[in-house]
Structure formats: structure tokens, C-alpha cells
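Data block below; observations after.
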Amino acid sequence: MRIEVLGSGGAVTIPRPGCSCRVCVEAREKGVPYSRTGPSVFVHGPDVLIDTPEESKQQLNRSEVTRIGAGLYSHWHPDHTAGRRVWEARNFDFRSWPPRYETTPVYVPERVWDDFETHYGLADQFRFLERQGTVKVELLAENGSFELDGTRIRAIPLDAENAHAYLFESGGKRVLIAMDETHRWSPPAGLGPLDLALLPIGVFEHHPYSGERLIPEEFCKPPVRKTRYGTTLELLRALAPRRAVLSHVEEMDGLSHDELLRLGAADGWEPAYDGLVVDVHD
């Protein structure tokens, strides 16, 4: 398997429009890997696209992706779904007659689909894409799985926001990808060894270098609403993957790519960046 990070940012990408902080200025001057678009990952082999942020079309155009065998969605949040029209832009030729289209199966866990019905008009928009012929929505039962080109893909329910991670298994290799919302989640018994874990980095209560408080103390009191960086490190210790990559980097944490490299080297993980490719092999 080959894992390609299409977008490594979070809900607030880097550079933030109109922001003149040092991280945003550097990102505008240098581009990738200092700049970050919204959260999206592509798994080569089964050729699966996970989540479609606003920049999804641009991400695919600059990527190594040619074929898309299926789509997956982790949860309903706009930073993971707002680029859903990429399916129409990629798969539909409305000038031909009769219209020509390619249909991509899009897998959505049932609880995530319930949120699609409730929020943001998502379910209606996907029903429109289905009528158009550009997608076919496939609902996944709790802990459901499917096989695609020799890869078994299993939905792993998380504890917050009805979000799901995905476990990819192929040729004896096992990759866990959690796009967001890992707070309050503990790995289930029997998850098994992992060759790669790609997780959200979490938010920083204090800047790791300046010590500046980044989150008000009230935000950190129970119930915890977001995974903090320290909790992510605890999760990594519990998962014990052979390789760990952290993504979903928020602009508000004020960390440049160079600082993330230093932090990851000290704590045993690698920072994701737009265009990062990880080969999972012997």
C-alpha cells in the first residue's frame, strides 16, 4: 500500500486568509510543506479517497492519483465534506448526449449517514449525485467492512461526533487512518499490530516552544471536546505502530513545519504535509 496525504491541515488551514502571523507569512512565501490544505488522504492499491475538503479538486490535480476505486467519509464536518462536488467535477460530462459519467462507490458508516441526513444538506446532495450517476452511496454497518482489489477495509467507530477511522489490511500489512475526532477513544481489544497509524495531532494547550497558553483553561475542563496533543501521544503508545504520522494541523497552534519536525523527532512520530507519500512494505 502507498498512503498519500493530499491535505494535512485542519478546520483552519495554513495560511489562514488575512492572517499575518509568522506561520502564515512563511506558508505564503514558501508554499508546501509549510502551507496546508484541508484533511484528505488517498490509499493507493485499493485506490480509495478519504474525505473531500474544499480544496479536493486542487489536491487531486497536484497528486499522484489517476484512478479512484472508492470514496470514504470519516464524519460530517465541513472541513471533511465541503468539497464533495469533486465527484461531479471528476465523473460527469454534461455536454455529451446522452451524458457520460463514471460512478464511484462512496462508503459511509450508517451513523455518519444519519449525520448527513441532519447536517448541511449532505444526504440530499449525495442523493443528487446518485441521480446524476456520479456516485453510488454504500452504507456500512457498525464495524462493517468491504474488500476492494484485495484490500480489506474496516470501519472503526470512534467515540466522538459519530466519527470513524478505517483499518486497511493487504498482503499482511495493516494501516489505521483516523482523520479526526479521536478524543475519548481507546483502541478496541483485538485491533492487532499496525504497520502505520495516521492520526490527528490534537490541539495544544500550550505552545511547545514558547509556552504560550493557546487554549483557555475552561476549554480543557471535562467534558473534553477535543483531543489534546498529550492524549494523542498516549494513544500512539497504546497502538504501538511501526510508523506514526500525525496530521490535521490547525493554524491556531502556531507551529511551523520545521517546529513540527523537531517535535516529532523528539516524541517518536512524523508530521504529515501536503504531498507526503508513505510506502508500507516489508
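Summary table
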| read-out | value |
| --- | --- |
| Residue in the range 2-16 that is assigned to a loop (DSSP other than H, G, I, E, B) and free of Cβ contacts under 8 Å to residues at least 24 places away in the same chain present | no |
| Condition broken by residue 120, with the remaining ones in (1) open to solvent by less than 20 Å² (accessible area, probe 1.4 Å); (2) under 28 Å from residue 158 (Cα atoms); (3) more than 17 Å from the chain's Cα centre (by Cα) satisfied | (1) |
| Considering residues of the range 39-59 that are crowded, with 16+ Cβ neighbours inside 10 Å, touching a helix residue (DSSP H, G or I) at 6+ places or on another chain (Cβ under 7 Å) and not hydroxyl-bearing (Ser, Thr, Tyr) only, the residue nearest to residue 277 (Cα to Cα) | 39 |
| The range 208-252 - residue that is open to solvent by 40 Å² or more (accessible area, probe 1.4 Å), part of a loop (DSSP other than H, G, I, E, B) and of a type in the set (A, V, I, L, M) and, of those, modelled with the lowest pLDDT | 224 |
| Residues within the range 1-38 that are open to solvent by 10 Å² or more (accessible area, probe 1.4 Å), more than 24 Å from residue 69 (Cα to Cα) and in contact with a Ser or Thr (Cβ under 7 Å, 6 or more places away or on another chain), tallied | 4 |
| Members of the range 123-141 that are assigned to a strand (DSSP E or B), open to solvent by less than 40 Å² (accessible area, probe 1.4 Å) and either free of Cβ contacts under 8 Å to residues at least 60 places away in the same chain or of a type in the set (S, T, N, Q) (or both) | 137, 140 |
| Qualifying position, being in contact with a strand residue (DSSP E or B) (Cβ under 8 Å, 6 or more places away or on another chain) and part of a loop (DSSP other than H, G, I, E, B), among 96, 74 | 74 |
| Matching residues in the range 83-117 - criterion: being of a type in the set (A, V, I, L, M) and either open to solvent by 30 Å² or more (accessible area, probe 1.4 Å) or touching a residue at least 40 places away in the same chain (Cβ under 8 Å) (or both) | 89, 112 |
| Boolean, residue 23 is over 13 Å from the mean Cα position of the chain (by Cα), among the hydrophobic types (A, V, I, L, M, F, W, C), more than 24 Å from residue 131 (Cα to Cα) and assigned to a loop (DSSP other than H, G, I, E, B) | no |
| Residue 146 being over 18 Å from the mean Cα position of the chain (by Cα), touching a residue at least 24 places away in the same chain (Cβ under 8 Å) and surrounded by 14 or more Cβ atoms within 10 Å (Cβ to Cβ) | yes |
| Criterion (of a type in the set (Asp, Glu), assigned to a loop (DSSP other than H, G, I, E, B) and more than 16 Å from the chain's Cα centre (by Cα)) met by exactly one of 64, 29 | 64 |
| Test: residue in the range 160-173 that is assigned to a loop (DSSP other than H, G, I, E, B) and either of a type in the set (D, E, K, R) or touching a Leu at 6+ places or on another chain (Cβ under 7 Å) (or both) | yes |
| Any hit, the range 109-120, residues being touching a Lys or Arg at 6+ places or on another chain (Cβ under 8 Å) and either among the β-branched types (Val, Ile, Thr) or over 22 Å from residue 186 (Cα atoms) (or both) | no |
| Residue satisfying condition, being in contact with a Ser or Thr (Cβ under 7 Å, 6 or more places away or on another chain) and farther than 21 Å from residue 40 by Cβ, within set 127, 131, 152 | 152 |
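The values are calculated or read from the model by the stated rules, or taken from the named source; none is laboratory data. Please read these numbers as outputs of a predicted model, since none were measured by experiment. With ideal geometry, Cβ positions are generated from the backbone for all residues, glycine too; neighbour counts draw on all protein chains shown. Each accessible area value is taken on the protein alone, full model and side chains, heavy atoms only, with ligands, DNA and RNA left out. Shrake-Rupley method; radii C 1.70, N 1.55, O 1.52, S 1.80 Å.
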